[in-house]
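The values are calculated or read from the model by the stated rules, or taken from the named source; none is laboratory data. Because the structure is predicted, anything quoted here is derived from the model rather than measured. With ideal geometry, Cβ positions are generated from the backbone for all residues, glycine too; neighbour counts draw on all protein chains shown. Protein only, heavy atoms only, side chains kept; ligands, DNA and RNA dropped before computing areas. Shrake-Rupley method; radii C 1.70, N 1.55, O 1.52, S 1.80 Å.
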Amino acid sequence: MEELAKTCRWHTYKRGEEILGYRDPSNNVFFLVSGRVRAIIHSARGKAIILRDLRTGDIFGEISAIDGSPRSASIEALEAATVATLTSSQFENLLLKEPSVAMATLRHVAGELRRLSQRVLEFSTLVVQNRIQAELLRLAADADRDGAQPLLSPAPSLSDIANRVSTHREAVSREVSRLTSIGLLRREGRNLRVTDIGRLEKLVRDIKGE
């Protein structure tokens with residue numbers, strides 16, 4: 001790790017700053033040392049499609065480093081962020097030199113493939129209401145846990161959730177209100193508490209037929 005830290009170039013970004021651009025031809029790999037960033041695509045009509053939020057310890061840019069193709073999404077800083085970067089050739093040498101890093105990268109890419117496959121299934125088979133439920137469950141899985149009650153802090157905006165599941169803000173507002181009324185969600189200031197993660201998990205499993 002010490003050798004790798006010396007090899008990397010280090011950069012800091014301000015909140016709202018773009019780190020990578022969609023279709024950018026660069027192929028560096030980025031390690032998120034601190035902060036949060038978002039993988040996002042803006043359509044030709046300006047619609048935002050949120051793919052994923054990344055946190056401290058995550059890696060991004062590895063796909064272009066592996067296949068040499070342009071970036072598949074933009075990366076924007078959600079807050080002040082520090083990243084360490086390697087060139088694609090440095091990253092390739094690291095994978096060849098350190099089998100444990102190569103295996104960790106393979107597991108990471110496999111996990112991303114499974115996650116995206118699930119999203120394709122949801123977009124193809126679930127109505128908007130159910131897609132919102134599945135996205136809330138996904139967000140809860142990445143949130144801080146307090147027993148069986150994950151806390152989304154700060155809570156994603158209604159527009160953010162809408163951009164994740166390809167719907168409009170009003171549909172998200174209605175479903176969040178409904179889930180709150182039946183005791184699955186609770187507002188806590190700027191945060192959102194999932195009050196019964198087991199019940200939400202069962203709800204999503206049932207609609208997926210799992």
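Computed with the Debye formula from one identical point scatterer per Cα of the range 102-210, without solvent, the log10 of I(q)/I(0) at q = 0.11, 0.15 Å⁻¹ comes to -0.36, -0.66.
When ASP67, ASP160, ASP196 are compared by accessible surface with a 1.4 Å probe, the order from highest to lowest is ASP67, ASP196, ASP160. If I compute Cα Rg over 2.2 N^0.38 Å from the structure I just sent, which labelled value in (1) 1.16; (2) 1.10; (3) 1.02 lines up? Here the calculated entry is (2). Around the Cα centre of the chain, unit charges on the Cβ atoms of Lys, Arg, Asp and Glu (plus for the first two, minus for the last two) sum to a dipole of about 660 debye. Read phi for every residue in the range 168-185 and hand back ³J(HN,Hα) as whole Hz from Karplus 6.51 cos²θ - 1.76 cosθ + 1.60, θ = phi - 60°, with x for Gly and Pro. In residue order, the calculated couplings are 10, 4, 5, 5, 5, 4, 5, 6, 4, 5, 5, 5, 5, 5, 9, x, 8, 10 Hz. Computed extension gain for SER26 through LEU116, at 0.36 nm per residue and net of the alpha carbon distance, reaches 30.1 nm.
Relative to the longest principal axis of the Cα atoms of the chain, the long axis of helix 99-125 makes an angle of roughly 30 degrees.
What lysines sit close enough to LYS47 to cross-link, taking a C-alpha to C-alpha distance under 29 Å and skipping anything fewer than 8 places away on the same chain? The qualifying lysines are LYS14, LYS208. Under 16 Å from a point placed 7 Å out from the Cα of SER153 along the Cα-to-Cβ direction: which residues of the range 126-142 have their backbone N that close? Backbone N within reach: 140-142. Protein heavy-atom accessible surface, 1.4 Å probe, per residue over the chain: 56 Å².
Computed from phi, the 3J(HN,Hα) profile of the range 126-132 under the Karplus parametrisation 6.51, -1.76, 1.60 (θ = phi - 60°) reads 9, 6, 4, 3, 6, 5, 5 Hz, with x in place of Gly and Pro. With a cut-off of 14 Å between beta carbons, the residues surrounding THR7 carry a summed charge of -1, where Lys and Arg count +1 and Asp and Glu -1.
With 0.36 nm allotted per residue and the present C-alpha distance subtracted, the ARG174-LYS6 stretch has 55.4 nm of extension available. Model label points for ILE66 and PHE123, set 7 angstrom from Cα along the Cα-to-Cβ axis, are 2.0 nm apart. Can you list which of the GluC sites (Glu not before Pro) found in the range 10-119 are DSSP loop residues with at most 15 other C-beta atoms within 10 Å? Passing sites in the range 10-119 are GLU17, GLU79.
The longest stretch of the chain left intact once loop-based trypsin sites (Lys or Arg not before Pro) with at most 10 other Cβ atoms within 10 Å are removed from consideration, loops following DSSP, is 48-189. The fraction of accessible area contributed by carbon and sulfur in the chain is 52 percent, rounded to a whole number (1.4 Å probe; ligands and nucleic acids excluded).
Exposure check, 1.4 Å probe, all protein chains in place: ILE63 carries approximately 80 Å² of accessible surface.
Taking amide hydrogens as placed 1.01 Å from N in the peptide plane, the amide H of LEU20 sits under 5 Å from those of ILE75, each at least 5 positions away in sequence or on another chain.
Helix 88-97 axis versus longest C-alpha principal axis of the chain: approximately 90°, rounded to the nearest ten. What are the residues whose amide H is under 5 Å from the amide H of LEU54, where those residues sit 5 or more places off or on another chain and H is modelled from the backbone? Amide H neighbours of LEU54, under 5 Å, 5+ apart: VAL37, ARG38, ALA39. With K and R counted +1 and D and E -1, the other residues having a Cβ less than 15 Å from that of LEU54 yield a net charge of -1.
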